[in-house]
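**Q** Please read through the structure below; I'll follow up with questions.
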Amino acid sequence: MHTDLPPLTPGTLYLVATPIGNLEDITLRALRVLRECDVVAAEDTRRAGQLLRHFDISKPLLSYFRFNEAKRAGEILERLWRGERVALVTDAGTPGISDPGQRVVAAAVADGLRVEPVPGACALVAALTASGLPTDEFHFSGFLPHKPGPRRRELTRLTALPGTLVLYESPFRITRLLEELAALIPDRTVVLARELTKRFEEHLRGRPEELLAEARRRNLKGEFVVMISPADPPGRPGAGSENADGDGELIGGPMNTGRVGE
Ligand code: SAM
């Protein structure tokens, strides 16, 4: 029994982070919230059902995804007003980071309802912290637009910002993105974090052209976080193309974490 833990608060929306590939990354608190809530609102009820079954949890599921977000957000708010404890989960990672969730959170906050994060896995944080790139200042922009014009404009704008740039990209567009980066910022260091927390996790570092050659050679698949070293600070040419100290050495690690081409 959880005699030493406070019960969940009625009328609260719990944002429950779930694993991004390794089920061991579920937190004890996430499991307790999923066990004790009244309903689980899920981006994909089939996926959420699998997760719950794995942990032997049986709970009513409510579908909450992009195309019925507005309708379901209203329904979730009604449940919260009735005093229900609602756990929101998305397909993977932290709800609201490049996935549905933001709308219902904004609506709950606007209504003065209680929203509690249940932190855990997030691809952005996992990738950035293992990248070896500066973490003191970074800019996260999720997925780029798909259409060529808006995409080029957005990439040009983002690569001019200070700090490390962090993007999410699908396996179908990773070579396209590397081609775009090779044309736009050929001298900056790019880190590809692939299949984080999964069996074939790797962190590939190099110039866009080098990574592009590697991606084509190996036909890289899986999920990617793409990170780009900061632009050169004014008066320090070359600093942005290597690590934070600018000493030309990137940090290695236990996996395939070296520079491509070494
Ligand atoms: N909410 C999630 C989070 O907290 O990171 C992100 C959801 S977004 C729809 C999915 C994207 O996150 C993928 O396309 C990929 O860019 C990134 N991602 C998720 N899991 C990943 C993993 N295991 N390895 C690398 N990137 C991952």
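The values are calculated or read from the model by the stated rules, or taken from the named source; none is laboratory data. Model, not experiment: these values are computed from the prediction. Glycine gets a Cβ as well: all are built from the backbone with ideal geometry, and neighbour counts include every protein chain shown.
**Q** Scan region 168-188 and give yes if some residue there is of a type in the set (Asp, Glu), in contact with a Leu (Cβ under 9 Å, 6 or more places away or on another chain) and in a helix (DSSP H, G or I), otherwise no.
**A** Looking through region 168-188, at least one residue is of a type in the set (Asp, Glu), in contact with a Leu (Cβ under 9 Å, 6 or more places away or on another chain) and in a helix (DSSP H, G or I).
**Q** A further question follows. Determine whether ARG79 is over 18 Å from SER98 (Cα atoms) and without any contact (Cβ under 8 Å) to a residue 24 or more places away in the chain.
**A** Answer is no for this residue.
**Q** A further question on this structure: Could you identify the single residue in VAL118, VAL86, VAL105 that is under 21 Å from PRO19 (Cα atoms), in contact (Cβ under 8 Å) with a residue 60 or more places away in the chain and over 18 Å from the mean Cα position of the chain (by Cα)?
**A** One residue alone meets the criteria, VAL86.
**Q** Anything in region 63-88 that is away from the ligand (no atom under 16 Å from the Cβ) and either crowded, with 19+ Cβ neighbours inside 10 Å or within 13 Å of LEU15 (Cβ to Cβ) (or both)? List them, or say none.
**A** Listed by number, the residues that qualify are ALA73, ILE76, LEU80, ARG85, VAL86.
**Q** Any chance region 172-186 includes a residue that's among the charged types (D, E, K, R), within 22 Å of ILE97 (Cα to Cα) and under 22 Å from the mean Cα position of the chain (by Cα)?
**A** Within region 172-186, one or more residues are among the charged types (D, E, K, R), within 22 Å of ILE97 (Cα to Cα) and under 22 Å from the mean Cα position of the chain (by Cα).
**Q** Within region 114-138, which residues are within 20 Å of GLU43 (Cβ to Cβ), among the aliphatic types (A, V, I, L, M) and either more than 7 Å from the ligand (Cβ to nearest atom) or not in a helix (DSSP H, G or I) (or both)?
**A** Passing the criteria: VAL115, VAL118, ALA121, VAL125, ALA126.
**Q** Further question: With respect to ARG173, determine if the residue is free of Cβ contacts under 8 Å to residues at least 24 places away in the same chain and either farther than 25 Å from PRO60 by Cα or aliphatic (A, V, I, L, M) (or both).
**A** no
**Q** Another one. Looking only at region 40-57, which residues are in contact with a strand residue (DSSP E or B) (Cβ under 6 Å, 6 or more places away or on another chain), of a type in the set (Val, Ile, Thr) and in contact (Cβ under 8 Å) with a residue 24 or more places away in the chain?
**A** VAL40
**Q** Quick check on region 89-98. Is at least one of its residues surrounded by fewer than 18 Cβ atoms within 10 Å (Cβ to Cβ) and more than 16 Å from the ligand (Cβ to nearest atom)?
**A** Checking region 89-98: not a single residue is surrounded by fewer than 18 Cβ atoms within 10 Å (Cβ to Cβ) and more than 16 Å from the ligand (Cβ to nearest atom).
**Q** Got a sec? Which of GLN102, GLN50 is surrounded by fewer than 18 Cβ atoms within 10 Å (Cβ to Cβ) and at pLDDT 95 or above?
**A** Just one listed residue meets the conditions, GLN50.
**Q** Could you give me the residue pairs with C-beta distances under 7 Å whose first residue belongs to region 9-23 and is more than 14 Å from THR90 (Cα to Cα), whose second residue is part of a loop (DSSP other than H, G, I, E, B) and within 16 Å of the ligand (Cβ to nearest atom) wherever it lies, and which are 6+ apart or on separate chains?
**A** Final answer for the pair search is ASN22/THR197; ASN22/LYS198.
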